[in-house]
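I have a structure here, written as structure tokens, and I will follow up with some questions on it.
Every read-out reported here was derived from the displayed coordinates using simple, explicitly stated rules and does not represent laboratory data. In this text the structure is predicted, and so the values were computed from the model without any measurement. No Cβ is skipped: glycine too gets one built from the backbone with ideal geometry, and neighbour counts run over all protein chains shown.
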Amino acid sequence: SVPLSYFSSIGKLSKEGILLKGSNYIDELTKIKTIAFDKTGTLTYGKFELSEVIPADGNFKKETFLKLAYLAYNAEKNSNHPLAIAICKYYEDKLLSKNNPNYLSNDIFIKLLAKKIKIKSVEEISGKGIVLKYQCNNSKNLKENIFLIGNEKLLKMYDIPIVNSNIGYSTTNVFLVINDKYMGYGSFDDNLKYESRETIAQLSKMGLKNVLLTGDTEKVAEKVAKNLKVDEYYYELLPVDKLNIIEKMSSNDKIAFVGDGINDAPVIKRANVGIAMGNLGSDIAIEASDIIIMNDNLLNIVKGIKIAKYTKKIVH
Ligand code: ADP
Ligand code: MG
């Protein structure tokens with residue numbers, strides 16, 4: 001049977017916004033040796049902002065940029081990925097807002113585009129980006145054109161080389177392709193949560209090993225890992241790679257995984273203790289998790305472990 005103090009601790013935890021899906025997670029929390037974190041939306045706020053647009057080497061016309069923006073918006077508008085949200089926000093705020101000097105919604109070209117281009121399909125590929133297929137209404141040739149928006153892995157799937165002489169790698173880059181032609185990339189910044197560093201420091205002090213798992217590039221992962229002083233970091237991971245790493249780690253140790261769950265729900269489910277961010281997290285992630293941090297504050301993980309350890313101590 002479950003000791004009474006477990007129930008009072010679960011109540012105490014829930015008042016702090018730490019929801020446990022069962023009293024067994026009090027014990028599980030005390031046994032964790034390694035804690036793995038997703039990056040975007042977990043250690044960072046997941047609120048990307050476009051900092052730069054770098055066209056492919058060569059000339060770029062306004063018309064081309066508008067076409068890219070229009071297709072990017074249509075590709076991303078149904079995705080809940082933090083990058084998708086940033087891209088759509090940029091399009092709506094910067095390009096379609098009347099307060100903006102570059103106000104474009106009356107732009108004849110955008111209107112023409114909407115008439116000319118017929119979107120046939122949009123497919124999101126986890127950890128890579130989006131493939132949008134479209135036709136041009138006015139051409140006799142009704143072949144399907146492909147627009148890509150995503151990372152280098154997505155471009156590799158279609159054998160598209162990146163032709164930019166100087167690529168900055170310290171921010172998250174999103175590359176664009178129209179009809180086999182590489183067009184350039186947008187560079188996006190995200191910020192670490194204010195409590196991330198303190199959380200990692202406290203968990204280390206408690207003797208836990210901290211690991212970063214990300215789909216982003218080596219440079220971005222390294223920057224975050226060094227800044228936060230995590231013990232290990234893995235980068236350019238697909239959701240399935242994260243799953244394999246968790247699988248391997250949990251054969252030695254009890255492991256927790258913390259994520260916002262945008263495409264990480266299976267990883268949350270597989271960890272001994274799966275922890276989801278409640279605010280930004282997806283419904284599927286909340287469903288797959290054992291513990292939900294309601295206000296997304298990472299320090300609540302530290303608090304949760306401390307309360308669990310205390311609860312166990314007074315029972316034994
Ligand atoms: P993380 O591990 O940081 O949470 P994800 O697995 O969600 O990252 O995504 C990994 C990478 O895949 C992103 O950094 C981005 O380059 C690319 N990507 C994923 N989804 C999208 C999307 N909807 N649009 C553009 N790029 C995407
Ligand atoms: Mg993610």
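Relative contact order for the chain: what is it in percent, counting Cα pairs under 8 Å that are at least 6 residues apart?
On the way: 588 pairs, mean separation 78.0, N = 316.
Relative CO of the chain lands at 25 percent.
Now a separate question. Assigning unit charges at the beta carbon (Lys, Arg +1; Asp, Glu -1) and nothing else, what dipole magnitude in debye, to the nearest 20, does the range 49-189 show about its Cα centre?
Using Cβ point charges on Lys, Arg, Asp and Glu, the range 49-189 gives about 720 debye.
Show me the trypsin sites (Lys or Arg not before Pro) within the range 118-162 that DSSP assigns to loop and that have at most 13 other Cβ atoms within 10 Å of their Cβ. Intermediate values should be presented prior to the final figure.
Working: sites: Lys118, Lys120, Lys128, Lys133, Lys140, Lys143, Lys153, Lys156; in loops: Lys128, Lys140, Lys143.
Counting only loop positions with at most 13 other Cβ atoms within 10 Å, the trypsin sites (Lys or Arg not before Pro) in the range 118-162 are Lys140, Lys143.
Give me the dipole magnitude in Debye, nearest 20, for the chain about the Cα centre, with unit charges on the beta carbon: positive for Lys and Arg, negative for Asp and Glu. Could you put the intermediate results ahead of the total?
On the way: 44 positive and 37 negative charges, 72 e Å.
The calculated dipole for the chain is roughly 340 debye.
Under the rule a/c < 1.5 gives rounded, and otherwise a/b versus b/c splits prolate from oblate, where does the range 222-309 land using the Cα gyration tensor?
Working: a/c = 1.27, a/b = 1.14, b/c = 1.12.
It comes out rounded by the Cα gyration axes.
Also, I was wondering about something else. Among the listed pairs Lys62/Lys115; Lys47/Lys309; Lys62/Lys156; Lys111/Lys156; Lys89/Lys229; Lys15/Lys303, which are separated by more than 23 Å between their Cα atoms? Let's see the in-between values first.
Numbers: Lys62/Lys115 18 Å; Lys47/Lys309 34 Å; Lys62/Lys156 27 Å; Lys111/Lys156 33 Å; Lys89/Lys229 32 Å; Lys15/Lys303 12 Å.
Beyond 23 Å: Lys47/Lys309; Lys62/Lys156; Lys111/Lys156; Lys89/Lys229.
Let me ask something else about it. Shape verdict for the chain, please, from the Cα gyration tensor: rounded (a/c under 1.5), prolate (a/b greater than b/c) or oblate. If you can, show how the numbers build up before the last one.
Working: a/c = 2.49, a/b = 2.28, b/c = 1.09.
Prolate shape, in that a/c is at least 1.5 and a/b is the bigger ratio.
Got the relative contact order for the range 49-189 handy, in percent, Cα pairs under 8 Å and 6 or more residues apart? Each step should come with its number before you reach the end.
Working: 218 pairs, mean separation 37.7, N = 141.
Relative contact order for the range 49-189 comes out at 27 percent.
Once you put a point 7 Å from the Cα of Glu222 and another 7 Å from the Cα of Ser170, both along the Cβ direction, what distance in nm separates them?
1.2 nm
How much mean residue ellipticity at 222 nm does the chain get from its helices, if each DSSP H run of length 4 or more adds -39500 (n - 2.57) and you divide by all residues, to the nearest 500 deg cm²/dmol? Can you show the working numbers first?
Values: 12 runs with 120 residues, N = 316.
My calculation for the chain gives -11000 deg cm²/dmol from helical runs alone.
Sticking with this one: If I fit a long axis through the Cα atoms of helix 4-15 and take the longest principal axis of the Cα atoms of the chain, what angle between them do I get, 0 to 90°, rounded to 10?
So the inclination is approximately 30 degrees.
Further, regarding this structure: Given axes a ≥ b ≥ c from the Cα gyration tensor, I'd like to know whether the range 77-236 is rounded (a/c under 1.5), prolate (a/b larger than b/c) or oblate.
Since a/c reaches 1.5 and a/b is larger than b/c, the shape of the range 77-236 is classed as prolate.
State the extension gain, in nm to one decimal, for the chain segment bounded by Tyr158 and Lys181, taking 0.36 nm per residue of separation less the distance between their alpha-carbons. Write out the running numbers ahead of the final one.
Values: separation 23, 0.36 × 23 = 8.28 nm, distance 1.07 nm.
Taking 0.36 nm per residue and subtracting the Cα distance, the gain is 7.2 nm.
While we're looking at this one, here's another question. Please go through the range 105-160 and write out the chymotrypsin sites (Phe, Trp or Tyr not before Pro) that DSSP classes as loop and that have at most 12 other C-beta atoms within 10 Å. If you can, show how the numbers build up before the last one.
Values: sites: Phe109, Tyr134, Phe147, Tyr158; in loops: Tyr158.
Passing sites in the range 105-160 are Tyr158.
Past the 30 Å Cα-Cα mark, which pairs from Lys12/Lys269; Lys94/Lys181; Lys128/Lys205? Could you put the intermediate results ahead of the total?
Details: Lys12/Lys269 24 Å; Lys94/Lys181 25 Å; Lys128/Lys205 35 Å.
Cα-Cα > 30 Å for Lys128/Lys205; rest within.
Also: Order the peptides 61-72, 79-90, 37-48, 1-12 from the highest to the lowest mean number of other Cβ atoms within 10 Å of their residues.
Numbers: 61-72: 17.2, 79-90: 20.0, 37-48: 24.4, 1-12: 14.1.
Peptide ranking by packing, descending: 37-48, 79-90, 61-72, 1-12.
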